[in-house]
Amino acid sequence: MKTPMLVNSPSETIPVSYCCPSASLSLRGVGFPVSPMVMKTSSIDVILGFDWMKKYTTEIKCKEKVVFVTTPKGERISVDVAVQAQSTPTVNQLDDDVDL
């Protein structure tokens, strides 16, 4: 039996059994190449890593609830973030040893 890969999210370590190479994430009608991994969790929809965010010059404006992303064609788009109320309080923390 193959050992699953483990992904460290802000709240837990999640086993990953499958990867979907050459998929596309659509933001404002623009396709962005992604290779999502299938995780057994109901609390996380998608994790876009630092490498992906760096590649598309992503800027997160928390106060304004907007994410800016540069498209593969070099255009800057904004995506409004809809924050949904959580049933229980959650605190997430990232390690501070990330190389950017």
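Computed from the coordinates by the stated procedures, all read-outs in this text should not be read as laboratory data. Keep in mind that what you see is a predicted model, and the values were worked out from it rather than measured. Cβ sites come from the backbone with ideal geometry, for glycine too, and all protein chains shown count toward neighbours.
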Total charge dipole magnitude, region 5-80, about the Cα centre, Cβ charges on Lys, Arg, Asp, Glu only, Debye to nearest 20: 180 debye
Amide H of Ser9 versus every other amide H placed in the peptide plane: which residues, excluding those fewer than 5 positions away on the same chain, fall under 5 Å? Ile14
What lysines could a cross-link reach from Lys40, if we take a straight Cα to Cα line under 22 Å and drop same-chain neighbours fewer than 8 places away? Lys2
Cα-based Rg of region 5-80 per 2.2 N^0.38 Å, rounded to two decimals? 1.19
